[in-house]
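Taking it in order: structure first as structure tokens, then the write-up.
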Protein chains: 2
Amino acid sequence: MGIKSDGMNYAPKGKPAPVVKKGEFVFSAIALDHGHIYGQCNGLIEAGGVLKSVYDPDPQKMDKFCETYPNVKRADSEDEILCDKEVQLVAGAAVTSERCSLGLRVMSAGKDYFTDKAPLTTLEQLSAAKAKVKETGKKYMVYYSERIHVESAVFAGQLIEQGAIGKVIQVLGLGPHRLGASWRPEWFFKKEKYGGILCDIGSHQIEQFLFYSGAKDASVVRSQIANYNHPQYPELDDFGDAVLVGDNGASHYFRVDWFTPDGLQMWGDGRSFILGTEGFIEQRKYMQLGEKDSKGGNLYLANNKEETFYNVEGKVGYPYFGELILDCLNRTENAMTQEHAFKAAELCVRAQMQAVKIA
Amino acid sequence: MGIKSDGMNYAPKGKPAPVVKKGEFVFSAIALDHGHIYGQCNGLIEAGGVLKSVYDPDPQKMDKFCETYPNVKRADSEDEILCDKEVQLVAGAAVTSERCSLGLRVMSAGKDYFTDKAPLTTLEQLSAAKAKVKETGKKYMVYYSERIHVESAVFAGQLIEQGAIGKVIQVLGLGPHRLGASWRPEWFFKKEKYGGILCDIGSHQIEQFLFYSGAKDASVVRSQIANYNHPQYPELDDFGDAVLVGDNGASHYFRVDWFTPDGLQMWGDGRSFILGTEGFIEQRKYMQLGEKDSKGGNLYLANNKEETFYNVEGKVGYPYFGELILDCLNRTENAMTQEHAFKAAELCVRAQMQAVKIA
């Protein structure tokens, strides 16, 4: 169940690039339901954060976490962490439908919150989260890993900012995932808990669209879900796709699915095609199809001057985490604005709510 | 203006694979407005057809054609060809909006018709074409080149038929093209004539969806057009995309655009992703992005057993043309059914008619 078979345990390690001195930024982890918590903690630790303590009601999950991070303190309760004045931020990867309520408790305790995606599953949760941010001044930040923890995705953002493909007119994302039903937790198959495929793995896609296109808002003009081939899991969407149109005219299509076949070397051949007025970018994020033991971090740029392949594995790093730590310390919004994090969350919930079931 | 800069002159040459003896199948060409006529003629000649004569009112187009096919007879009028009892089929690449009226004349003259895509631009033309087929018993066949004249596309069909990816649940196509505005004819920028981007280059995509998924009909559930960056050509759609849902539950997304940048080695990096219940296929039809002087004909197969790359250039050939000749001689429908050809035509017209202009 390593990275190749299991997107749930995708937790890249980067080079340490601390933005603070040791002890300047202390965080803890609460709720280990999704393996993304390891990616969240790795990112913060590499950026100089100190992981102080952890709590989850499941001792097995605690055991595994404490083995991975031997210096972490095993807290006896969530409250122990929430009452710890030294802890500045809580990272969490709860069951998706519980992520907001955890966040409300974290922010009420005067700490910033850094949750796995999707950060919430309903518009009611979104309202509560927005109100709590307003009330407390704390952050509700999100681990949209398929952009912030993928080097090609970071590099794509840098190229776009430099004008390499002109104005972005469409972002097209493919987010296939391996189901691996046998080792998935039960909540993974309950729609009320995982939020539906467009909310769950769709949230990565919509966040990327907003980021790359610069759209501040968007309309979901068509969204679809299906259960094409898993009648044994009636609440599983094994397929979903959507079309969005941004407030700046840019458009977005994404497809997500649980159909990665067993013969594939990786849990999913994630792609992103970003079309601009002056060129385009393709990302092959995790692998090169048909090439044995291939690398991730592949980016192709074609514009009016060149057609170039870049492998950026180990070269770009993950600036999000350091920026997030500094944002928490300085109350800035360089890693990601709260508005952006919530807008992506809102749109993935709307895409799911409006979805037409086609199979 | 060779193949690399100019999709309009995409006219692949295959190995001769005659299905008839010399003289058993005689055809002519009328209307040389689109360079696809060369692909149409090459395919039929390689399959054993004899190209007897040609007519176009433009002497320059006739000159070029007669240079390419030195044995062809230069007819003085369309009627000369239509009255030639020896001619069994007329191939045509008229201005898109004129393709149907030419077809009606060809079928009325007792000959089968083989037109470039899109085969028509309105539902009224479609009705007239259907009525004429019924009245005459003749064929109105279509050169959907991005499937029938692309070896990876033919091979994909064979793999799907063998069950290599299980049941097809989605076909996703990217059909970028280089605009090359300076050498395009005037009609190319008049919507009434070219039919709009979803009708024109979208027709390739919808035909592939129907073919690979086995859907007999489909609904266009969302379609969009835009002119993002060509205000000097107000009737040009430089971008279009659409979502279709097949009558068998399979779904389809395609994007077409005129944004291939000058730095790209090819007129377009056409792709096709076919997702099945047991695996998927990606085609990189004309090139390998980022690889200098790359080949076309690239197909990737991943299923529960394997992840394999195939380059099929020169290996698969173009069986459509031989099947078409035999269909004409035997009044069978092995190359393509009339129903399929018309359904693809209908859906691309509907996609265009329903399109929301997003920019």
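The values are calculated or read from the model by the stated rules, or taken from the named source; none is laboratory data. Note that the structure is predicted; figures quoted are calculated from it, not measured. Cβ coordinates were reconstructed from backbone atoms using ideal geometry, including for glycine residues, and neighbour counts include every protein chain displayed. We work out accessible area using only protein heavy atoms, side chains counted, and drop any ligands, DNA or RNA first. Shrake-Rupley method; radii C 1.70, N 1.55, O 1.52, S 1.80 Å.
Would you mind telling me which numbered condition in (1) crowded, with 16+ Cβ neighbours inside 10 Å; (2) closer than 24 Å to B:G322 by Cα; (3) of a type in the set (A, V, I, L, M, F, W, C) B:C66 fails? If we test B:C66 against (1) crowded, with 16+ Cβ neighbours inside 10 Å; (2) closer than 24 Å to B:G322 by Cα; (3) of a type in the set (A, V, I, L, M, F, W, C), just (1) comes out false.
Of everything in region A:223-244 that's of a type outside the set (F, W, Y) and surrounded by fewer than 22 Cβ atoms within 10 Å (Cβ to Cβ), which residue is farthest from the other protein chains (Cβ to nearest Cβ)?
Here the answer is A:E235.
Screening A:R105, A:R99 for residues that are surrounded by 16 or more Cβ atoms within 10 Å (Cβ to Cβ), of a type in the set (D, E, K, R) and under 27 Å from A:P319 (Cα atoms) leaves exactly one candidate, A:R99.
Looking at the structure I just gave you, is A:L299 under 26 Å from B:L301 (Cβ atoms) and open to solvent by less than 10 Å² (accessible area, probe 1.4 Å)?
Yes: the conditions hold for A:L299.
Could you list, in sequence order, all residues of region B:287-309 that are more than 7 Å from chain A (Cβ to nearest Cβ) and either touching a residue at least 24 places away in the same chain (Cβ under 8 Å) or assigned to a strand (DSSP E or B) (or both)? B:K292, B:D293, B:S294, B:G296, B:G297, B:N298, B:L299, B:L301 - these are the residues of region B:287-309 that are more than 7 Å from chain A (Cβ to nearest Cβ) and either touching a residue at least 24 places away in the same chain (Cβ under 8 Å) or assigned to a strand (DSSP E or B) (or both). Taking the criterion of being open to solvent by less than 10 Å² (accessible area, probe 1.4 Å), part of a strand (DSSP E or B) and either over 20 Å from A:H177 (Cβ atoms) or facing chain B (nearest Cβ under 7 Å) (or both), the residues of region A:247-259 that qualify are A:S251, A:Y253, A:D257. Pairs linking a residue in region B:330-359 that is away from chain A (no Cβ under 14 Å) and part of a loop (DSSP other than H, G, I, E, B) to a residue that is of a type in the set (D, E, K, R) and open to solvent by 50 Å² or more (accessible area, probe 1.4 Å), with Cβ atoms under 9 Å and 6 or more positions apart or on different chains, are B:T332/B:E323; B:E333/B:E339; B:N334/B:E323; B:A335/B:E323; B:M336/B:E323. Each residue in region B:266-296 was checked for being among the basic types (K, R) and either open to solvent by less than 10 Å² (accessible area, probe 1.4 Å) or within 21 Å of B:L210 (Cβ to Cβ) (or both), and 3 of them qualify.
Looking only at region A:174-193, decide whether some residue is part of a loop (DSSP other than H, G, I, E, B), in contact (Cβ under 8 Å) with a residue 24 or more places away in the chain and buried (at least 24 other Cβ atoms within 10 Å of the Cβ). No: region A:174-193 contains no residue that is part of a loop (DSSP other than H, G, I, E, B), in contact (Cβ under 8 Å) with a residue 24 or more places away in the chain and buried (at least 24 other Cβ atoms within 10 Å of the Cβ). Here B:G314 passes the criteria (1) more than 10 Å from every other protein chain (Cβ to nearest Cβ); (2) under 28 Å from B:K193 (Cα atoms); (3) open to solvent by 10 Å² or more (accessible area, probe 1.4 Å) except the one numbered (2). Quick check on B:A75: is it under 21 Å from the mean Cα position of the chain (by Cα) and buried (at least 16 other Cβ atoms within 10 Å of the Cβ)? So B:A75 does not fit the description; no.
With respect to the conditions (1) assigned to a strand (DSSP E or B); (2) free of Cβ contacts under 8 Å to residues at least 40 places away in the same chain, A:K21 falls short on a single one, namely (1). Of the strands (runs of 3 or more DSSP E) lying entirely inside region B:57-169, those containing at least 3 residues that are within 30 Å of B:G276 (Cβ to Cβ) and in contact (Cβ under 8 Å) with a residue 40 or more places away in the chain are B:140-143. Report whether or not B:G196 is more than 15 Å from B:L174 (Cα to Cα) and modelled with pLDDT of 95 or more. Against the criterion (more than 15 Å from B:L174 (Cα to Cα) and modelled with pLDDT of 95 or more), B:G196 qualifies. Return a yes/no flag: does region A:317-328 have any residue that is assigned to a loop (DSSP other than H, G, I, E, B), farther than 28 Å from A:V243 by Cβ and more than 8 Å from chain B (Cβ to nearest Cβ). Checked against the condition, which is being assigned to a loop (DSSP other than H, G, I, E, B), farther than 28 Å from A:V243 by Cβ and more than 8 Å from chain B (Cβ to nearest Cβ), region A:317-328 yields at least one hit.
Looking only at region A:260-284, count how many residues are of a type in the set (A, V, I, L, M), in a strand (DSSP E or B) and more than 8 Å from chain B (Cβ to nearest Cβ).
Of region A:260-284, the ones of a type in the set (A, V, I, L, M) are A:264, A:266, A:274-275, A:281.
Subsequent filtering for residues that are in a strand (DSSP E or B) retains A:274-275, A:281.
Now restrict to residues that are more than 8 Å from chain B (Cβ to nearest Cβ): A:274, A:281.
Number satisfying all stated conditions: 2.
Scanning region A:108-132 for residues that are of a type in the set (S, T, N, Q) and open to solvent by less than 10 Å² (accessible area, probe 1.4 Å) gives a single hit, A:T115.
Scanning region B:16-27 finds one or more residues that are within 13 Å of B:G92 (Cα to Cα) and modelled with pLDDT of 95 or more. In the set B:V133, B:V171, only one residue is modelled with pLDDT of 95 or more and under 25 Å from A:E282 (Cα atoms); that residue is B:V171.
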